[in-house]
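Peer 1: My questions will all concern the structure given below.
The values are calculated or read from the model by the stated rules, or taken from the named source; none is laboratory data. Just so it is clear, the structure is predicted and the values come from calculations on it, not from any experiment. Here the Cβ positions follow ideal geometry from the backbone for every residue, glycine too, while neighbour counts run over all protein chains shown.
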Amino acid sequence: MVKNYKVNGMTCDHCAMSVTEEIEEIVGAQVVNIDVPSGMVTVSGEDVSDIDIAAAIKEAGFELDES
């Protein structure tokens, strides 16, 4: 399973690291790739819910772009 998310507010590598660390704590999340300029977050893994991803992103201090 591969899922893509758009995240608002990431401006630097530190932002990306914070989001990555939070997502990697989710059981089943295996690979996290982040493109800071576009705000795109790609998560690979098994049975990772969108709710868990949104919560991890919020814990890191950012929000999903729901548009």
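Peer 1: Considering only the stretch 19-46, how many residues are touching a residue at least 40 places away in the same chain (Cβ under 8 Å) and closer than 15 Å to LEU64 by Cβ?
Peer 2: Within the stretch 19-46, the first condition is being touching a residue at least 40 places away in the same chain (Cβ under 8 Å), and the residues that meet it are 19, 42-46.
Subsequent filtering for residues that are closer than 15 Å to LEU64 by Cβ retains 19, 42-43.
Residues in the stretch 19-46 being touching a residue at least 40 places away in the same chain (Cβ under 8 Å) and closer than 15 Å to LEU64 by Cβ: 3 in total.
Peer 1: While we're here: Take the stretch 35-50 and flag every residue that is outside any strand (DSSP E or B), β-branched (Val, Ile, Thr) and at pLDDT 95 or above.
Peer 2: Going residue by residue through the stretch 35-50, those that are outside any strand (DSSP E or B) are 36-39, 46-50.
Those still in the list that are β-branched (Val, Ile, Thr) too: 36, 48.
Within the stretch 35-50, VAL36 is the sole residue that qualifies.
Peer 1: Shifting gears a bit: Among the residues of the stretch 36-61, which ones are surrounded by 13 or more Cβ atoms within 10 Å (Cβ to Cβ) and either in contact with a Ser or Thr (Cβ under 8 Å, 6 or more places away or on another chain) or of a type in the set (S, T, N, Q) (or both)?
Peer 2: Residues satisfying the conditions are VAL36, THR42, SER44, ALA60.
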